[in-house]
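Report on one structure; see the data block that follows.
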Amino acid sequence: MSRRDHPGPRFAAGPMTDLDLPDASVAALLAFRSLIHGPDDALPTVRARFRRVPRPRGPLLLGFHVGDESQVKTQGYGAHTPERPRPPP
């Protein structure tokens, strides 16, 4: 959708634990509900790369849930379950 609505800028996706990008090489970073999917011990490395990769004063947009606990979801929103076939109409 981003590429469709904004064909001029370059959009790229990649693993936040291995941002293979030069220092100050991107205009902005977006991590929307993605930090929760990495291992807790990788967060210091991810934060360091989030500081290193954007250009000076480049925005970083983070989106995440708030809470004090780590949880593994096995059902419902956020669960990693196989898709079920849809019933016929």
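The values are calculated or read from the model by the stated rules, or taken from the named source; none is laboratory data. The model shown is predicted, which means the values in this text are computed figures rather than measured ones. As a convention, Cβ positions derive from the backbone with ideal geometry for all residues, glycine included, and neighbour counts pool all protein chains shown. Each accessible area value is taken on the protein alone, full model and side chains, heavy atoms only, with ligands, DNA and RNA left out. Shrake-Rupley method; radii C 1.70, N 1.55, O 1.52, S 1.80 Å.
The table below lists the values:
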item: Subset of the range 29-43 [loosely packed, with under 12 Cβ neighbours inside 10 Å and either over 12 Å from the mean Cα position of the chain (by Cα) or farther than 25 Å from GLU69 by Cβ (or both)]; result: PRO39, ASP40, ASP41
item: Hits in the range 44-67 - residues which are open to solvent by 100 Å² or more (accessible area, probe 1.4 Å) and either at pLDDT below 65 or more than 17 Å from SER34 (Cα to Cα) (or both); result: ARG55, PRO56, ARG57
